[in-house]
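Structure first, then comments.
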Amino acid sequence: MTEETPTNRSAAEPYVTEFEATVRSVDDRDVTLDETYFYAEGGGQPADRGTLGGYEVVDVQKRDGVTVHTLDDAPDFAPGDTVAGDVDDEHRTYSMRAHTASHVVYGAGRKLFGGHGYGGFDIGEERVRLDFATEADADEVDALDFQRLANEAVWDDREVEWYEMDIETAEADDDIVFNLGEGANPTETVRIVEIDGWDISACGGTHVARTSEIGPIKVLDVSNPGADLVRVEYAVGPTAIERQVDETRASTRAAETLDTSVEGLPERAEALLTENKDLKAELAELRKELLDARLSTLEAETVTRDGDEWLVGTVENLGPNTVSDHLRDRDPDADVVVLTGRDGSTFVVVGTDGETDANEVIGEVTDEFGGGGGGQPTLAQGGGLGAAPETVVDYLRSD
């Protein structure tokens with residue numbers, strides 16, 4: 001006579017968290033029962049937690065169709081004994097809500113994408129990810145559309161039911177998406193989870209009986225993790241509430257700082273961006289005028305080196321990039337213009353008329369004072385010099 005396969009009733013009766021069962025086998029810390037309500041990890045849902053016969057259940061896996069409970073220590077009970085099982089209700093409830101939420105979010109994706117393709121699913125402790133097989137670009141997907149549709153389905157308090165269906169009938173139905181997890185291979189029937197008027201999927205997880213039990217759903221991110229995939233990450237329960245409160249608090253503080261309302265933040269932010277852009281342009285113009293003024297005071301301080309006229313001096317309150325940009329757009333008043341200053345450390349910028357290679361001047365200065373740099377033959381810059389700008393100027397003027 002063939003021994004019957006132990007029954008796992010967690011998905012069929014997800015609200016049952018306390019039970020008694022007969023021990024079938026004990027192998028060190030691994031225990032099997034004649035019947036269990038502990039959910040075995042699979043289909044993107046984590047294993048249940050809890051206790052069995054007073055021992056902590058640290059893992060639950062399905063091996064060759066049998067649910068194996070791994071305990072925190074080798075137990076003192078034996079095959080044939082009756083033991084009490086206690087599934088962690090908080091963890092189970094979170095898994096039920098998060099898993100049912102995946103069907104709600106998937107139903108939203110059906111509407112937004114005009115079709116559906118399952119790409120993967122995973123329940124984390126604070127966020128859940130659901131992947132859609134679609135050619136859509138994440139940048140074209142509004143996370144708030146997902147959030148609005150999902151929470152409307154929750155608010156509608158839609159019925160959630162699960163039942164067995166002939167596998168061939170299920171596979172022939174284009175509306176049914178398969179989310180059975182790796183290794184699942186039904187041969188005769190398949191378990192269907194259906195949210196009334198919203199979503200229908202082949203799924204072996206634990207679920208709540210009505211969508212209102214899920215609570216708020218907060219969409220955290222929409223991205224493209226790979227080719228032809230759109231990933232929606234969301235939170236349920238306390239994490240979702242906390243994120244919403246944090247966002248509301250942050251937007252309220254921002255509105256107070258900017259002396260506007262939360263509703264007026266977008267318009268105020270746009271105005272500030274425009275103002276900032278104008279100020280940057282004004283600052284760039286002022287820096288140009290400052291540099292022009294400094295160059296005009298240096299024009300009488302040119303020196304002659306190798307038959308060329310060199311204009312050498314220092315600049316203040318300007319960085320090397322600003323100086324370079326200005327020299328690039330300016331006709332030199334001398335054959336070679338060398339300007340030094342401080343931007344953390346001493347820098348040097350060289351502009352030439354083309355007869356003298358600016359890189360050679362940079363090389364000469366860095367050989368003398370350290371640092372490094374380079375650029376184009378007519379414009380180059382160096383930094384990290386181990387001397388004050390005035391020292392560099394004296395060196396170039398005296399050579």
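The values are calculated or read from the model by the stated rules, or taken from the named source; none is laboratory data. Note that the structure is a prediction, hence the values are computed from the model and not measured. Note that each Cβ is placed from the backbone with ideal geometry, even for glycine, and that neighbours are counted across all protein chains shown. Remember, those area values only see protein heavy atoms, side chains included, never the ligands or the DNA or RNA. Shrake-Rupley method; radii C 1.70, N 1.55, O 1.52, S 1.80 Å.
From Tyr55, Tyr15, Tyr39, grab the single residue that is closer than 14 Å to Ser95 by Cβ, open to solvent by less than 80 Å² (accessible area, probe 1.4 Å) and of a type in the set (Ser, Thr, Tyr).
Tyr39
Out of Glu309, Glu242, Glu247, Glu289, which single residue is out of contact with any Asp or Glu (no Cβ under 7 Å at 6 or more places or on another chain), acidic (Asp, Glu) and either modelled with pLDDT under 85 or in a strand (DSSP E or B) (or both)?
That would be Glu289, the only listed residue that is out of contact with any Asp or Glu (no Cβ under 7 Å at 6 or more places or on another chain), acidic (Asp, Glu) and either modelled with pLDDT under 85 or in a strand (DSSP E or B) (or both).
List every residue pair whose Cβ atoms sit under 7 Å apart, with the two residues 6 or more apart in sequence or on different chains, where the first one lies in the range 316-329 and is over 12 Å from Arg342 (Cα atoms) and outside any loop (DSSP other than H, G, I, E, B) and the second, anywhere, is of a type in the set (A, V, I, L, M) and open to solvent by 80 Å² or more (accessible area, probe 1.4 Å).
From the range 316-329, no pairs qualify.
Do you know which residues across the range 83-99 are under 26 Å from Ser25 (Cα atoms) and either without any contact (Cβ under 8 Å) to a residue 12 or more places away in the chain or among the acidic types (Asp, Glu) (or both)?
Across the range 83-99, the qualifying residues are Asp86, Asp88, Asp89.
Tell me which of these Asp157 doesn't satisfy, since it passes every other one: (1) within 22 Å of Ile192 (Cβ to Cβ); (2) within 17 Å of the chain's Cα centre (by Cα); (3) surrounded by fewer than 15 Cβ atoms within 10 Å (Cβ to Cβ).
For Asp157, the failing item is (2).
Being farther than 13 Å from Ala40 by Cβ and part of a strand (DSSP E or B) is the filter here; which residues of the range 59-82 pass it?
Within the range 59-82, Leu71, Thr82 qualify.
Here is a yes/no grid of residues against (1) out of contact with any helix residue (DSSP H, G or I) (no Cβ under 7 Å at 6 or more places or on another chain); (2) of a type in the set (S, T, N, Q); (3) within 30 Å of Leu130 (Cβ to Cβ):
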residue: Ala12; (1), (2), (3): yes, no, yes
residue: Ala21; (1), (2), (3): yes, no, no
residue: Arg29; (1), (2), (3): yes, no, no
residue: Asp34; (1), (2), (3): yes, no, no
residue: Val57; (1), (2), (3): yes, no, yes
residue: Gln61; (1), (2), (3): yes, yes, yes
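Among the residues of the range 239-291, what is the count of those that are basic (Lys, Arg) and under 30 Å from Pro320 (Cβ atoms)?
So the answer is 4.
Against the condition polar (S, T, N, Q) and surrounded by 17 or more Cβ atoms within 10 Å (Cβ to Cβ), how does Ser95 come out, does it pass?
Here the answer is yes, as Ser95 does meet what is asked.
I want to confirm something. Restricting to the range 162-175 and keeping residues that are open to solvent by 80 Å² or more (accessible area, probe 1.4 Å) and touching a strand residue (DSSP E or B) at 6+ places or on another chain (Cβ under 6 Å), which single residue is farthest from Lys218 (Cα to Cα)?
Looking at the filtered set, the residue picked out is Glu164.
Can you tell me which of Asp131, Asp142 is within 18 Å of Gly42 (Cα to Cα) and of a type in the set (Asp, Glu)?
From the options Asp131, Asp142, the qualifying one is Asp131.
I'm told Thr32 meets every condition in (1) of a type in the set (Ser, Thr, Tyr); (2) within 17 Å of Ala98 (Cβ to Cβ); (3) not in a loop (DSSP other than H, G, I, E, B) except one. Can you identify the failing condition by its number?
If we test Thr32 against (1) of a type in the set (Ser, Thr, Tyr); (2) within 17 Å of Ala98 (Cβ to Cβ); (3) not in a loop (DSSP other than H, G, I, E, B), just (2) comes out false.
Taking the range 365-396 as the search range and keeping residues that are open to solvent by 40 Å² or more (accessible area, probe 1.4 Å) and touching an Asp or Glu at 6+ places or on another chain (Cβ under 8 Å), which one is farthest from Thr302 (Cα to Cα)?
Pro377
Mind checking whether some residue in the range 106-113 is out of contact with any helix residue (DSSP H, G or I) (no Cβ under 8 Å at 6 or more places or on another chain), closer than 24 Å to Ile192 by Cβ, charged (D, E, K, R) and assigned to a strand (DSSP E or B)?
Taking every residue of the range 106-113 in turn, none turns out to be out of contact with any helix residue (DSSP H, G or I) (no Cβ under 8 Å at 6 or more places or on another chain), closer than 24 Å to Ile192 by Cβ, charged (D, E, K, R) and assigned to a strand (DSSP E or B).
Which residues, counting only those in the range 337-375, are touching a helix residue (DSSP H, G or I) at 6+ places or on another chain (Cβ under 7 Å) and over 21 Å from Ala284 (Cα atoms)? Full working, then the answer.
Looking only at the range 337-375, we keep the residues that are touching a helix residue (DSSP H, G or I) at 6+ places or on another chain (Cβ under 7 Å), and these are 337-343, 346-352, 365, 368-369, 372-375.
If the condition is that a residue be touching a helix residue (DSSP H, G or I) at 6+ places or on another chain (Cβ under 7 Å) and over 21 Å from Ala284 (Cα atoms), then Thr346, Thr352, Val365, Glu368, Phe369, Gly372, Gly373, Gly374, Gly375 are the ones that fit.
Given the criterion open to solvent by 10 Å² or more (accessible area, probe 1.4 Å), part of a strand (DSSP E or B) and closer than 19 Å to His99 by Cα, identify the matching residue among Glu152, Glu194.
Glu194
Just to be sure before I move on: is Glu125 free of Cβ contacts under 8 Å to residues at least 12 places away in the same chain and part of a loop (DSSP other than H, G, I, E, B) in the structure I sent?
yes
Based on what the data block shows, is Gln45 buried (at least 22 other Cβ atoms within 10 Å of the Cβ), in contact with a Gly (Cβ under 9 Å, 6 or more places away or on another chain) and more than 18 Å from Asp86 (Cβ to Cβ)? First the steps, then the outcome.
Working: buried (at least 22 other Cβ atoms within 10 Å of the Cβ): yes; in contact with a Gly (Cβ under 9 Å, 6 or more places away or on another chain): yes; more than 18 Å from Asp86 (Cβ to Cβ): yes.
So Gln45 passes the test.
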